[in-house]
Every structure is written in C-alpha cells, then in structure tokens.
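The values are calculated or read from the model by the stated rules, or taken from the named source; none is laboratory data. This one's a predicted model, so the numbers in the text were calculated from it and none came from an experiment. As a convention, Cβ positions derive from the backbone with ideal geometry for all residues, glycine included, and neighbour counts pool all protein chains shown. The protein model used for the area step is the full one, side chains on, heavy atoms only, and it has no ligands, DNA or RNA in it. Shrake-Rupley method; radii C 1.70, N 1.55, O 1.52, S 1.80 Å.
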Amino acid sequence: MTIMKSTYKIAVLISVLLLDLGMAGCKKLVEVSAPPTSLSNGNVYQNDKTAISVLTGIYTNISGASFTSPGISSISLYAGLSADELTLFSGAADITQKAFFTNALTSSNVSGSGPDFWTVYYQTIFYANSAIEGLNNSTSLTPAVKQQLLGEAEFIRAFCYFYLVNLYGDVPLVLTTDYKANSSIARSPKSQVYEQIIRDLKDAESKLSSTYLDATLLNSSAERVRPSRWAATAMLAKVYLYYGNLTGDAANYTNAESESSLLIGNASLFGLTTLDNTFLNASLGNNEAIWQIQPVAFGQDTPDAAVFVLPPSGPSQATYTVFLSPQLLNAFENGDQRKSKWISSVTDTVAGTPTTYFFAYKYKVNDPNAPVTEYETMLRLGEQYLIRAEVRAQLGEPTAVDDLNAIRQRAGLAAYSGQVDKASLLNAILHERQVELFTEMGNRWLDLKRTATVDPVMTVVTPMKGGAWNPIQQLYPIPISDMKANPKLVQNPGY
C-alpha cells in the first residue's frame, strides 16, 4: 500500500467536500461560496487524519483530473500546443485544442468544457486558503502535523500563483475565503504577485519537513509525493529566476543560485539519475525527483502516458491527438540520447503512404494491467542544474558551463564548446531547456515568454500551424464568465 492509497477513501471524501465548496463558483472565482461550518472550523481539523486528507484531496484532484480537460497537470499538453513542441493531428475534433495550437484563443473558447486554467488554479487556491484558515484555527492537531500541513497549503498556493502570473500576467491576489471580498477584487501587478509567492514559499520552506513523509506525516517515506522543504526550495529557485527576468535585479539571480545550490549540494537525497529512471517513482531509486504526484486514476500510471504515448495505429480524432513537432525534433543534436530514450515513434500505413509520428516517451507505461512504476514528476533536479546555469550566466560566473555540462553529459553529449559570453551561454541554456524539459509543465511556453524570444519564434511557427501570430497571444485571456461576474477585472489587451 503506497503513501496516498492508504488514505484514498478519505481523500475522495474530502475531495467531494472540497468540490462542494467551490462548485457553485467553479466557473467563477468571484462566486466561490463561504465554506460550510463543518469544513471551515470544527470537524475536519479536529484530528490529524481528516486534516491530512484535506491536502491529500488536493493532490488527488491534481492527479485524477483528465489530462485533456481542466486540470493543473494538463498545462503540459495545452502550453505545449501553444508553443513549438507539439503538433495537433489534422483530424483532431477538439476545437479548444485547435485554438491553443493555432494561437487563436478568445475569452469564450477557454471557458466551458475547455481547459480553463484560471478557474482550475483559483479553485485550488481557494482550497489552500480554506486549509490555512482551518489549520490556524485548530488547537487539537499534533503540532508537527499542523506545521507540515500549513507548509503544504502555502506551497500549493504559491505553486498555483506562479502559473497564474505566467499564463495571465497581472492577477487578483486572493488570500482568504471571504467570498464577498473576493467578488470584487482587482488584478495585482506581477511584481506584487511574485512577492506573495516568495513569502509563501519561504514560509513553507521553514515549516515543511526536510525528510519525505508518509501518509501520517510522522514517519519518513521512500516516496516523494508530499511536498517537503525541498519542493519549496526548488520552487523558490525557479521563482527567483523568473522574477529576475522580470525585474533585472541581480539579487533575484543570487537568491536563485543559493536555493538551487541547496538542492544540488544535498547528495544524500538528490542526484541526476539515468535517462531511463528519470520519471520513475522515487522509491524505485529515482533520486532526481523532488516532488511527484502519485497516480490515482484506475488503470493509469500518469496522464502523460495516457495522452502522449501513441498506439501502433497512430494519432486519432479524439483520444490520441498530438505528437511532437518538427521544431522540437530538429532541436536535438546528433548523439543526444534523450532523443532515443525520451522519444518514440509509430508508423501509420493504413492510408497507403507510410507516415511516421514521433511522440513524447518520457512516461512509458500505458497499460492498465502493468505495475505502477511511474509517477507524474512536478519538480526534478535536472531543472535545478539548468536554473543554476542560467542565473550564473546572468551573474557572469564561469561555473555556469559546469552545470550546463552536467545535463549534456547525462544525455551522452560532449561538453559545451561554444562561446562563453553571457548571450551565447544564455542561448545554449535555453536550447538545453528545450530538449531537456519538453512536455513538462509548460516549461517551453514559459521559457519563450520570459526570455523575450516568443515573438521571433512564434512568428515563424504559428503560420506553420495554420494560424497567425499576434503578440497578445503570449498571455491567455481571462474567461468571459469571470469577466462578467467581477466588474473589477480588466481583460488582457487585445481580447
């Protein structure tokens, strides 16, 4: 019995209760109702087991959501379609997928049955806010459990705001469950959102356990499915990098270097593993994992494998709609083992002319009868090397090359031999991120935007996808339902 399966029934119960909290306003941030008394104060936070299950329910929702419908992890699919790493099958029937692929989103086609990330992330933030309030008001929990859960809730809130600010720009900062106040809250500047993210992550870093915990939060675990101090450290490194890109403040790069160095230097817990093992459950010897989500959907290891791994018949109209783009395939250098280890292909001969489709094969298990060996990896050490390489390049530190080479050499490539000036190094690191982090939590889409390369790249790529690039599309539109519900919200320019 693995870490979350032991509390699965309670997690499902809490998930249902959590959904009840937000269902009336699940399409509108501003209409989230006040939580029922049984959840806001007394019952849930009277004992460790049910309090733990509130946070477990959040992770269950993340893992259990369909990858092609609203869900936090589905950012890998939709941001990949927005960027230059996925191709949508020409016969695909999903009009929302087509809108993401052709960079033709509107405030209407991100609502309804489509992946409304605005609603999904704010709904999760509401759950986290509710947990923070309930935990702070509780006097009956084991102190260590209470502290860990508060850290987890703050971490989740920061994680969600990181994606909101990078997908939408300025966003409302909602830090309570006061639905009356939330119903008329305006958008806050990106800098203010980043400062809140940093506060939450630093607070979480101080509260979360430095060891990975089991379902009781009192014992250690070989699995890494509950956020630890190290997950907060990893997110802080990433946030400081992005904030440094926004502000140009060298202090943010210095902070990012410090945080990533804590992880890279902790050899007792973390290390780069083989390409074959990078996405395995941490308990199977994968020390690269920093935070993973345990599968909960019946007959499925990860949503990635269920969507990205093509059957022998190739892509289809409804189920298997995407494959890797030529831009991504052509980005790999000769001899890069990631292309052979993390990419596979099928050849469709039904139409007479053989057509080969290449697909992401980082997660390989897509057999409902196979043992569960792969966990959705949200944060891993490989990215931390590239974060540290980038901030060191920004700071003019020559050791940036060492971190870049750690990733290249793991992929079977020779050491970097290009120019070592700042611009050349940053270009090399951006390229390395493209071939290392493809189809992982929207990294490529966010990288293009934060490095100001989105316009030159997408001006070329979007017409190849059947669309016309407009710079406004680098920010997603706020759903029209939320715009109507909150008169203080201002739509992103151009929508």
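Things worth noting here:
- Alpha-carbon centroids, region 150-176 and region 182-198: separation in whole Å: 9
- Region 383-473, relative contact order [Cα under 8 Å, separation at least 6], %: 20
- Matching label, semi-axes √(5λ) of the Cα gyration tensor in Å computed from the structure shown, candidates [x] 43, 32, 23; [y] 59, 31, 19; [z] 33, 26, 24: [z]
- The C-alpha atoms of region 90-146 occupy a region whose extents along the principal axes are 57, 20, 16 Å, arranged from largest to smallest.
- Compactness of region 373-495 was expressed as the Cα radius of gyration divided by 2.2 N^0.38 Å, which yields 1.33.
- Per residue, the solvent-accessible area of region 91-197 (1.4 Å probe, heavy atoms of protein chains only, all protein chains present) comes to 31 Å².
- Ordering THR321, GLN147, ASN443 by the projection of their Cα atoms onto the charge dipole of the chain, which places +1 on the Cβ of Lys and Arg and -1 on the Cβ of Asp and Glu, puts GLN147 at the extreme positive end.
- What the Kirkwood sum gives for region 241-392 is a hydrodynamic radius of 17.7 Å, with every pair of different alpha carbons counted.
- The chain: DSSP helices with Cα axial extent of at least 27 Å and average Kyte-Doolittle hydropathy no lower than 0.0: 117-137, 143-168
- Taking the chain and dividing mean pair separation by its residue count, relative contact order in percent (alpha carbons under 8 Å, at least six apart): 20
- Along each principal axis, Cα extent of region 80-193, largest first, Å: 57, 30, 26
- Between ILE95 and HIS431, full extension at 0.36 nm per residue minus the direct alpha carbon distance yields a gain of 117.9 nm.
- C-alpha center-to-center spacing [region 220-257, region 331-351] in angstrom: 32
- Placing +1 on the Cβ of every Lys and Arg and -1 on the Cβ of every Asp and Glu, with nothing else charged, gives the chain a dipole about its Cα centre of roughly 560 debye.
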